[in-house]
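The values are calculated or read from the model by the stated rules, or taken from the named source; none is laboratory data. Note that the structure is predicted; figures quoted are calculated from it, not measured. In this analysis, Cβ positions are derived from the backbone assuming ideal geometry, glycine residues included, and neighbour counts consider all displayed protein chains.
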Amino acid sequence: MGRIRRWAPRVVGIVVTLACLVGAGRLLWPQPGLDEQPGSTERQLAFVRDSLDEGSDTAAQELFPEGYIFSNVLYGLAWVQAAHTDSALRDKAVRESRWALTRLESDEGRAIFSPRLQPAYGVFWAGWTNWLRGAILSLGRSEPEEVQRFSTHSSEIAQAFTAAETPFLQAYQGQAWPVDSTVAMASLRLHDKLFGAKYTPVIDRWLEQAKTRLDPATGLLPHQVSPADGSMTTGARATSQTAIHRFLPEIDPAFAKSQYALYREQFVAYPGGFGPALREYPKGVDGGGDVDSGPLIAGISLSATVVAQGAARVNGDRDLAAAIGSEGELLGLPLGLPGSKRYAFGLMPIGDAFVVWSSTARLLTEPTTAVGRDLRWWWRLPWLSLLIAIAIAPWIRTLIRHARHRTPAPDRAERTLAA
């Protein structure tokens with residue numbers, strides 16, 4: 001037992017130090033460029049698919065209202081994005097994304113949405129589902145009935161926007177969020193990209209109306225609005241902004257560029273010197289977390305930060321995308337196995353779906369152009385300093401003891417003089 005007591009602290013110290021070295025390596029490892037994707041993408045998707053087969057989408061639905069939809073639609077979209085980067089994945093991407101689409105269109109996928117809304121089942125369900133339909137067709141493996149369904153649903157969405165007095169349609173009865181309409185509008189732009197300009201007047205009208213309903217405090221699209229006239233009820237928040245900026249460049253690159261600059265200025269933060277990360281509320285505004293943002297840490301939304309990687313990629317913000325990716329490899333507790341990769345030990349598969357969707361993000365309607373934006377060049381230093389401190393901590397007593405032993409005792413002459 002005495003030997004165990006002597007060696008246990010050393011073993012723990014070795015484990016802690018090795019973990020810090022691995023973390024530092026992950027933080028420093030180069031991230032893929034805007035036209036690349038992580039080498040682990042297929043393994044990440046394999047884990048998400050296995051989780052879906054085991055019912056992770058139904059479990060996510062119990063955590064928040066759109067858990068089932070997001071679990072499936074992000075899986076399908078990540079496959080499409082991956083195949084656009086690596087053409088060798090196209091056949092499998094078409095198969096898997098079609099599988100995801102059938103789940104969105106199932107009774108379970110539509111269960112919480114109202115068929116009486118316009119478009120049917122509300123703009124959240126209609127927009128995300130239609131975006132996935134168009135994304136699948138963008139791979140060039142289309143069947144006539146798939147094209148027809150995309151055309152029919154796009155027409156229904158366009159008619160709903162044309163008939164409305166507000167640019168922000170309802171997702172649920174009496175509730176509207178601009179981000180949902182942004183996704184739906186992107187699906188119309190994708191339709192025009194694939195099959196010729198048809199909905200340009202609808203898109204132009206939507207942009208004109210949206211620009212008159214910006215959050216006056218930030219200049220950005222608001223978080224939540226009145227379903228009657230689209231007037232703001234809740235100002236801009238990162239939870240919705242990160243998704244908005246993932247889709248706005250698909251609709252209007254010029255408007256997206258100006259909006260992204262405001263978003264980056266007001267939401268990217270370095271709490272305590274650590275970061276970059278995304279505040280849930282604009283700088284100078286404090287608030288609590290909710291079911292969308294999750295718990296906030298020093299005002300930071302982890303979910304918004306994950307999605308911000310995708311927003312940065314499609315807006316050409318290479319440095320921010322790479323920084324968030326590196327932090328995810330450090331803090332996300334990734335576990336890589338021969339056939340899969342998961343984060344947070346795989347305890348929250350929907351989180352893995354958001355990660356792989358964001359890390360493979362790319363535009364489907366426009367080419368991405370890299371734009372130089374300011375990022376603190378020393379952003380890694382606080383993380384590395386913390387890792388070094390943790391790595392050394394288990395050995396402090398040993399180092400002090402060795403230092404004392406190395407200090408030479410005063411010789412006899414020195415003791416005599418001192419006396």
(message) For segment 52-70, give me each residue that is assigned to a helix (DSSP H, G or I) and either under 22 Å from Ala243 (Cβ atoms) or aliphatic (A, V, I, L, M) (or both).
(response) Leu52, Ser56, Asp57, Ala59, Ala60, Gln61, Gly67, Tyr68, Ile69, Phe70
(message) On the basis of being part of a helix (DSSP H, G or I), among the acidic types (Asp, Glu) and crowded, with 16+ Cβ neighbours inside 10 Å, does Glu42 make the cut?
(response) yes
(message) Can you go through Ala78, Ala83, Ala46, Ala88 and tell me which one is small (Gly, Ala, Ser), closer than 21 Å to Ala361 by Cβ and in contact with a strand residue (DSSP E or B) (Cβ under 8 Å, 6 or more places away or on another chain)?
(response) Ala46
(message) Going by what's in this entry, would Thr218 be described as touching a residue at least 60 places away in the same chain (Cβ under 8 Å), more than 25 Å from Leu74 (Cα to Cα) and crowded, with 20+ Cβ neighbours inside 10 Å?
(response) yes
(message) Residues that are basic (Lys, Arg) and either outside the structural domain of Ile136 (by TED's automatic domain parsing) or under 16 Å from Thr365 (Cβ atoms) (or both), at least 1 per element: which helices (runs of 4 or more DSSP H) completely within segment 176-264 meet that?
(response) 178-195, 238-251
(request) Return a yes/no flag: does segment 326-335 have any residue that is surrounded by fewer than 17 Cβ atoms within 10 Å (Cβ to Cβ), under 21 Å from Gln37 (Cβ atoms) and in contact with a strand residue (DSSP E or B) (Cβ under 8 Å, 6 or more places away or on another chain). (result) yes
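Is it the case that Arg133 is buried (at least 23 other Cβ atoms within 10 Å of the Cβ), assigned to a helix (DSSP H, G or I) and either of a type in the set (D, E, K, R) or free of Cβ contacts under 8 Å to residues at least 12 places away in the same chain (or both)?
Working: buried (at least 23 other Cβ atoms within 10 Å of the Cβ): yes; assigned to a helix (DSSP H, G or I): yes; either of a type in the set (D, E, K, R) or free of Cβ contacts under 8 Å to residues at least 12 places away in the same chain (or both): yes.
Yes.
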(request) Determine whether segment 154-172 contains at least one residue that is in a strand (DSSP E or B), among the hydroxyl-bearing types (Ser, Thr, Tyr) and crowded, with 16+ Cβ neighbours inside 10 Å. (result) yes
(message) Please verify whether Arg141 is charged (D, E, K, R), surrounded by 24 or more Cβ atoms within 10 Å (Cβ to Cβ) and touching a helix residue (DSSP H, G or I) at 6+ places or on another chain (Cβ under 6 Å), treating the condition exactly as stated.
(response) no
(message) Name the residue that is surrounded by the most Cβ atoms within 10 Å (Cβ to Cβ), counting only residues in segment 49-75 that are within 15 Å of the chain's Cα centre (by Cα) and touching a residue at least 60 places away in the same chain (Cβ under 8 Å).
(response) Tyr75
